[in-house]
Amino acid sequence: MNVRRSILVFGTVLVGALAVPVIAHHASGPFYDATKKVEITGTVVKLAIKNPHSFLWVNVDEKGQKVEWQIELGTGAQLARNNLTVDTLKPGIEIKVAGQPSRADGSHGMCCITLLMKSDGSAILRGTPPRDPQ
């Protein structure tokens with residue numbers, strides 16, 4: 001009886017543990033507005049490569065004030081396939097970013113981006129481009 005109970009408990013825990021990554025992953029639709037596009041130019045503050053999503057912080061001068069934007073990126077593996085690392089996108093580099101803005105009022109975030117070097121306009125990363133508003 002104890003062995004059966006142990007197997008049942010172990011099986012339940014295993015199924016729960018395997019389901020967590022599926023539940024944790026989410027679509028961007030509820031958080032970012034695919035019907036809008038925002039473009040910024042600024043300097044890299046920090047790049048954090050991690051899973052399931054990496055993040056990039058960029059300082060932007062908006063009407064004389066420094067505003068820090070948070071940009072949601074893909075997984076570390078996706079970034080590595082595009083040769084995007086903390087060594088290729090160092091703090092202080094000037095970049096241009098276009099993407100879908102956050103739906104949260106007053107926030108400065110975006111996802112699904114196209115990322116360009118400001119100095120020469122060369123593409124660093126081309127994510128899912130936002131749809132043009134209709």
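Just to be sure before I move on: is residue 34 outside any helix (DSSP H, G or I), modelled with pLDDT of 60 or more and either more than 22 Å from residue 108 (Cα to Cα) or out of contact with any helix residue (DSSP H, G or I) (no Cβ under 9 Å at 6 or more places or on another chain) (or both) in the structure I sent? Against the criterion (outside any helix (DSSP H, G or I), modelled with pLDDT of 60 or more and either more than 22 Å from residue 108 (Cα to Cα) or out of contact with any helix residue (DSSP H, G or I) (no Cβ under 9 Å at 6 or more places or on another chain) (or both)), residue 34 qualifies.
Residues are listed down the side, and each one gets a yes or a no for (1) in a loop (DSSP other than H, G, I, E, B); (2) modelled with pLDDT under 90; (3) under 24 Å from residue 67 (Cα atoms); (4) under 18 Å from the mean Cα position of the chain (by Cα):
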residue: 14; (1), (2), (3), (4): no, yes, no, no
residue: 17; (1), (2), (3), (4): no, yes, no, no
residue: 21; (1), (2), (3), (4): no, yes, no, yes
residue: 41; (1), (2), (3), (4): no, no, yes, yes
residue: 46; (1), (2), (3), (4): no, no, yes, yes
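Residues that are more than 28 Å from residue 103 (Cα to Cα) and modelled with pLDDT of 65 or more do not occur anywhere in the range 52-65. Restricting attention to the range 57-77 and to residues that are within 16 Å of the chain's Cα centre (by Cα) and charged (D, E, K, R), the residue that is nearest to residue 112 (Cα to Cα) turns out to be 72. Taken over the range 64-107, the criterion of being in a strand (DSSP E or B), of a type in the set (A, V, I, L, M) and surrounded by 16 or more Cβ atoms within 10 Å (Cβ to Cβ) is satisfied by 71, 95, 97, 98. Evaluating residue 71 against the criteria (1) modelled with pLDDT of 90 or more; (2) out of contact with any Phe, Trp or Tyr (no Cβ under 8 Å at 6 or more places or on another chain) leaves one unmet condition, (2).
Among the residues of the range 39-55, what is the count of those that are in contact with a Phe, Trp or Tyr (Cβ under 9 Å, 6 or more places away or on another chain) and in contact (Cβ under 8 Å) with a residue 40 or more places away in the chain?
Residues in the range 39-55 being in contact with a Phe, Trp or Tyr (Cβ under 9 Å, 6 or more places away or on another chain) and in contact (Cβ under 8 Å) with a residue 40 or more places away in the chain: 6 in total.
The values are calculated or read from the model by the stated rules, or taken from the named source; none is laboratory data. As the structure is a computational prediction, the values presented were derived from the model and not from experiment. All Cβ positions, even for glycine, are placed from backbone atoms using ideal geometry, and neighbour counts span all protein chains on display.
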